[in-house]
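The values are calculated or read from the model by the stated rules, or taken from the named source; none is laboratory data. All of these numbers come straight from a predicted model, not from anything done at the bench. Cβ atoms come from the backbone with ideal geometry, glycine included; neighbour counts cover every protein chain shown. Each accessible area value is taken on the protein alone, full model and side chains, heavy atoms only, with ligands, DNA and RNA left out. Shrake-Rupley method; radii C 1.70, N 1.55, O 1.52, S 1.80 Å.
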Amino acid sequence: MFFALSKIGWYLVQPLVGILLLFAAGLVCLLLKLPKTGFGLLAVAFLVLAVVSLSPLGLMMLAPLENRFPKPALPERVAGIVVLGGSFDTRVARTRGEPELNDAADRITTALALALRFPEAKVIFSGGAAAMFEEDVTESSVAQRLFGELGLPADRLLLEDRSRNTVENARFSKEIAAPKPGETWLLVTSAAHMPRAVGCFRVTGFDVLPYPTDYQTPGGHLIYQPSTATVRNLEKVHFAIREYLGLLAYWLTGKTDALFPAPASSETGASR
């Protein structure tokens, strides 16, 4: 039920849908001969569209999420690497018959780089089929093919193919990893998604070392300089709102340990 409600709810509140609904409501009011209300709604819709597509709002919203968990200092030994799904376009992969990465491809490249650095570590890829209205392939099946083609030995790759959201990523990955006391397991996911992911892993009792990747915001003062590609500015607002709503929903339903999970003292420090 939570999975279905989250999918439907997000579809209705995502920024572009909201803007289109405002435009539609304004047009309906004009047809009903309510010009003041109609033009008012159209003006609001236009103003919101201009702000989210032309301003650095998305960068400013994403930055606190991405900066929450700095890259950690890596230990000498790592038992395993958990990389969360979300980096494959399964619709394209299913219909084209080959792996296709999306904008979160850094999750895969970072996991592979870590696998090379720690050749004894297992790699858990966590990702099932999250489509609601059509049959789809699991992300794990696509990842299995790509990791193999890129040279990761099959005996190092463990596939978790049941999860549909972050809380299931954490629960099912822990079952596969069966972590032992004293082991270090790295968690790889997008930097903006890391706070929610860490909160879910903590609730399951799976102690992971967050290793964020897939940054979408620059550092320093450049955060106030929006992209000249207006669609990218809108996308950043889209992703930021999704994460903030996800953090709130997961916290209210007890799926994370805090509203905005923060690093533990052992997770601070610069990457070496």
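Below are the figures for this structure:
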{"item": "In the range 96-107, the residues that are open to solvent by less than 60 Å² (accessible area, probe 1.4 Å) and closer than 16 Å to PRO210 by Cα", "result": "ARG107"}
{"item": "Residue in the range 84-91 that is buried (at least 17 other Cβ atoms within 10 Å of the Cβ) and more than 20 Å from PHE239 (Cβ to Cβ) present", "result": "no"}
{"item": "Tally of residues being among the acidic types (Asp, Glu) and in contact with a strand residue (DSSP E or B) (Cβ under 9 Å, 6 or more places away or on another chain) across the range 107-154", "result": "1"}
{"item": "Sole exception among (1) over 11 Å from PHE125 (Cα atoms); (2) open to solvent by less than 50 Å² (accessible area, probe 1.4 Å) for SER140, by number", "result": "(1)"}
{"item": "Options VAL198, VAL237, VAL231, VAL203: the member that is assigned to a helix (DSSP H, G or I) and loosely packed, with under 14 Cβ neighbours inside 10 Å", "result": "VAL231"}
{"item": "Residue in the range 165-184 that is surrounded by 16 or more Cβ atoms within 10 Å (Cβ to Cβ), polar (S, T, N, Q), in contact with a Phe, Trp or Tyr (Cβ under 8 Å, 6 or more places away or on another chain) and more than 19 Å from ALA111 (Cα to Cα) present", "result": "yes"}
{"item": "Members of the range 243-260 that are open to solvent by 60 Å² or more (accessible area, probe 1.4 Å), touching a residue at least 40 places away in the same chain (Cβ under 8 Å) and outside any loop (DSSP other than H, G, I, E, B)", "result": "TYR244, LEU245, TRP251"}
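Rundown of residues vs (1) on the phi > 0 side of the Ramachandran plot; (2) open to solvent by less than 10 Å² (accessible area, probe 1.4 Å); (3) free of Cβ contacts under 8 Å to residues at least 12 places away in the same chain; (4) in contact with a Lys or Arg (Cβ under 7 Å, 6 or more places away or on another chain), yes/no style:
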position	(1), (2), (3), (4)
SER53	no, no, no, no
PRO56	no, no, no, no
PRO72	no, yes, no, no
ARG77	no, no, no, no
VAL82	no, yes, no, no
ARG94	no, no, no, no
PHE147	no, yes, no, no
LEU150	no, no, no, no
LEU158	no, no, no, yes
